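The values are calculated or read from the model by the stated rules, or taken from the named source; none is laboratory data. The structure presented is a predicted model; accordingly, all values stated were derived computationally and were not measured. Reconstructed Cβ throughout: ideal geometry from the backbone, glycine too, with neighbour counts over all protein chains shown. Protein only, heavy atoms only, side chains kept; ligands, DNA and RNA dropped before computing areas. Shrake-Rupley method; radii C 1.70, N 1.55, O 1.52, S 1.80 Å.
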Amino acid sequence: MDAPVIDTRPIVAAGPKAPAHGIKVRTRDVSVFYGDKQALSDVSLDMADRAVTALIGPSGCGKSTFLRCLNRMNDTIQGARVEGVIELDGEDVNARAVDPVALRARVGMVFQRPNPFPKSIFENVAYGPRIHGLTTSKSELQDVVEQALRRAGLWDEVADRLDQSGSSLSGGQQQRLVIARAIAVDPEVILMDEPCSALDPIATARIEELIDELRQQYCIVIVTHSMAQAARVSQQTAFFHMGQIVEIGRTDELFTNPKEQRTLDYITGRFG
Amino acid sequence: MFGLVLICLAVFSAATYGLARRKVLQAAHGSGTRPHSRPKYHGAHAALWAAIPALLVLVGLAVAAPRIITAVTWADLPAAAPSVEPFRSQFQYDAEAIAAGSIPSAVAYSADQRAALAAHADRISALSGMLRLGGLVAVGLAALMGGLYAWSRARPDYRARNAVERWVGGLLFATSAIAVLTTLGIVLSLVWESLRFFQTVSPLEFLTGTHWSPQIAIRADQVGSSGGFGAVPLFVGTFLIMGIAMLTAAPIGLMAAIYLAEYASAFQRAWIKPLLEVLAGIPTVVYGFFAALTVGPAFRAGFNRLGEYLLGGPLNDLGLYLMGVQNQMALVAGVVMGIMLIPFVSSLSDDIINAVPQSLRDGSYAMGATQSETIKRVVLPAALPGVAGAMLLAASRAIGETMIVTMAAGLQARITANPLDSVTTVTVQIVTLLTGDQEFDSPKTLSAFGLGLTLFVVTLILNIVALRIVQHYREQYD
């Protein structure tokens, strides 16, 4: 693989909502194939630390595929092939030396439908610390679980029933439980694949608030169908269409003053 | 005769099909209206009415006729007939046999009895001829009336499709009723015969007694005249063999299922799964002689060799015991039965593991878990209730399995937990009790029904528990 072409354009323009931190995840010319079918072609996108990057676009445009490249979840799909450069803190995640298991501990992921394990609430959150051996004592583990649940804004609701099954919670609570599970291993990046698509508006608002709080500490990449949601929670937005990026820009600019006709058509509801 | 009637009915029914269909078509054409149902439904409606009532009459008569004949002629047996049972009944049977044209029994009748027998047989055949003629008329009448009724209904505005669909619905109900009623009949006969058994042997003795020797001597001074109906040794043997079978089948089957569901490539899966299922297609009697002729001698030779090796050492007594081990032992039957159950366990568990949603695996992988951590900590716990259900189903099959234990476990009813002992099971005892000539009023034969009923209750409970667990698990993810 050739050295990536360095893109010197400022991807995120300066402004009041602009991220003050550097680039966390950098991708260049990423293409993904499922067997013979190309799902993504030549996507280059930089994602800033301590900011939310939203990926929008119609169904099947490749935004979830792109998201799954970032923690190499495509490895678990037979016949999937990824080309191009994906760097986390300047380190190629697809390099031979990188263990996808270790990578995924640094890049957490939240899925479309809440998927708590069939275990208690406590065990769900303790899962990551346990498998990675992050804690040495039971009290330390309890602290980690409590911290994660607090940061996910779920502690007050579940503190007195930690031993109940994770699936006994409501959909919105389950999704926050899953987020707590992801942050319990203290990742650097959190990927969210349409995290609110199975939730009602109140639960959605609660998750969006949470995303905004988590932004203080993490690099967050969120795939969403809802343009309103992208506008509410993100600082940077990338518009995907037909497996390619059409436009990248600061969220407020992209939604008020898109440069591409296709972006305008999409955000004004002419297709998608 | 019967066949000819059936053919005539079929022809008549086909003719009414055509006639009714044409009548409706013509009427619809004449009045310019569209018939409510397609013409073929009118035809089918007429054909059903022509055939089914007549068939019911035919079957009813075929069942009832011999009983009517026996009832009528039994009432006026000739005076010369033997007056004591069972010869009086035998006389009637022989007369019926002669009337039907078959050979009577070899009972030596006196001359006037023989004459009376011939006369009685003539009376029976005359009566059956009359009945046959009457039956023929009745069947014909039923067909004609049914056909005429349907013919009168064959008008364009008649809702023939709905009527035909009711008939088909009735037919489907009848077929499902056959299965249910047969099961009910089997259970009732089991209960009935068991009740007769429990009149001679108390249920308490049967369920708690530890001595099983169902041979009751005719005379009191014969060997083994006591007779014992304590079923505990049989159930101990059954559960011992089931335990060994499950110890074999559960780990192998479950691990095979994990491999198939989680690790195997699509290509390997496509080959291994059918091959495993070939195991399930082997008749149990083949497993039986495999156990009796191959595994049994091999195990015995192995244990005898080990015994020789231990002789003279600190384990001298154990060595002596091992040298005396015989072919027939619980271990052989259990291990072979376990092999038989492997495909059963693995294919059920494979389905259950596959039913664990991919989102759970994704969630675990996204946490940075390895594949084995994901399987151990997420997939298997999620599949556990279903796998437990699969194991219970396999166990209930092991309890009911007969051929392997008959051939490899032996016949000695004893209470032991030693897998090298020869034991016997409930199913083996049922087989030995009911093969060959049996009198159906001795407790020895009837005890088979007692055993059958108890076994039925045990496996039924196991199955209900297992299905409950499996169902509960299914609901969780749908």
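Annotations
- Entirely in segment A:192-250, the strands (runs of 3 or more DSSP E) that have 1 or more residues that are more than 25 Å from residue A:155 (Cα to Cα) and open to solvent by 10 Å² or more (accessible area, probe 1.4 Å): A:236-241, A:244-250
- Test result for residue A:169, open to solvent by 20 Å² or more (accessible area, probe 1.4 Å), within 23 Å of residue B:362 (Cβ to Cβ), aliphatic (A, V, I, L, M) and more than 12 Å from every other protein chain (Cβ to nearest Cβ): no
- Residue in segment A:77-97 that is in a helix (DSSP H, G or I) and modelled with pLDDT under 90 present: no
- Residues satisfying the criterion are absent from segment A:37-48 (criterion: within 14 Å of chain B (Cβ to nearest Cβ) and open to solvent by less than 10 Å² (accessible area, probe 1.4 Å)).
- One residue stands out among those in segment B:73-121 that are among the charged types (D, E, K, R) and either more than 35 Å from the chain's Cα centre (by Cα) or closer than 19 Å to residue B:131 by Cβ (or both): the one that is most open to solvent (accessible area, probe 1.4 Å), which is B:114.
For (1) open to solvent by 40 Å² or more (accessible area, probe 1.4 Å); (2) more than 14 Å from chain A (Cβ to nearest Cβ); (3) free of Cβ contacts under 8 Å to residues at least 12 places away in the same chain, each residue gets a yes or a no:
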| site | (1), (2), (3) |
| --- | --- |
| B:229 | no, yes, no |
| B:241 | no, yes, no |
| B:248 | no, yes, no |
| B:266 | yes, no, yes |
| B:272 | yes, yes, no |
| B:276 | no, yes, no |
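- Condition met for residue B:207 (within 26 Å of residue B:400 (Cβ to Cβ), at pLDDT 95 or above and part of a helix (DSSP H, G or I)): no
- Test result for residue B:404, among the β-branched types (Val, Ile, Thr), assigned to a helix (DSSP H, G or I) and open to solvent by less than 20 Å² (accessible area, probe 1.4 Å): yes
- Complete set of residues in segment A:97-125 that are buried (at least 23 other Cβ atoms within 10 Å of the Cβ) and away from chain B (no Cβ under 11 Å): A:121
- Identity of the residue in segment B:353-375, among the small types (Gly, Ala, Ser) and in contact (Cβ under 8 Å) with a residue 12 or more places away in the chain, that ends up farthest from the other protein chains (Cβ to nearest Cβ): B:355
- Of the residues making up segment A:143-163, those that are under 14 Å from residue A:181 (Cβ atoms), in contact with a strand residue (DSSP E or B) (Cβ under 7 Å, 6 or more places away or on another chain) and open to solvent by 40 Å² or more (accessible area, probe 1.4 Å) number 0.
- Checked against the criterion of being in contact with an Asp or Glu (Cβ under 9 Å, 6 or more places away or on another chain) and β-branched (Val, Ile, Thr), the candidates B:258, B:252, B:244 yield just one match: B:258.
The rows are residues; the columns are (1) buried (at least 22 other Cβ atoms within 10 Å of the Cβ); (2) away from every other protein chain (no Cβ under 13 Å); (3) within 19 Å of residue A:54 (Cα to Cα); (4) small (Gly, Ala, Ser).
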residue	(1), (2), (3), (4)
A:71	yes, no, yes, no
A:79	no, no, no, yes
A:83	no, yes, no, no
A:95	no, yes, no, yes
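- Scanning segment B:376-428 for residues being within 14 Å of another protein chain (Cβ to nearest Cβ) and not hydrophobic (A, V, I, L, M, F, W, C) gives a total of 5.
- Residue identified as over 22 Å from the mean Cα position of the chain (by Cα), more than 13 Å from chain B (Cβ to nearest Cβ) and touching a residue at least 12 places away in the same chain (Cβ under 8 Å) among A:140, A:157: A:157
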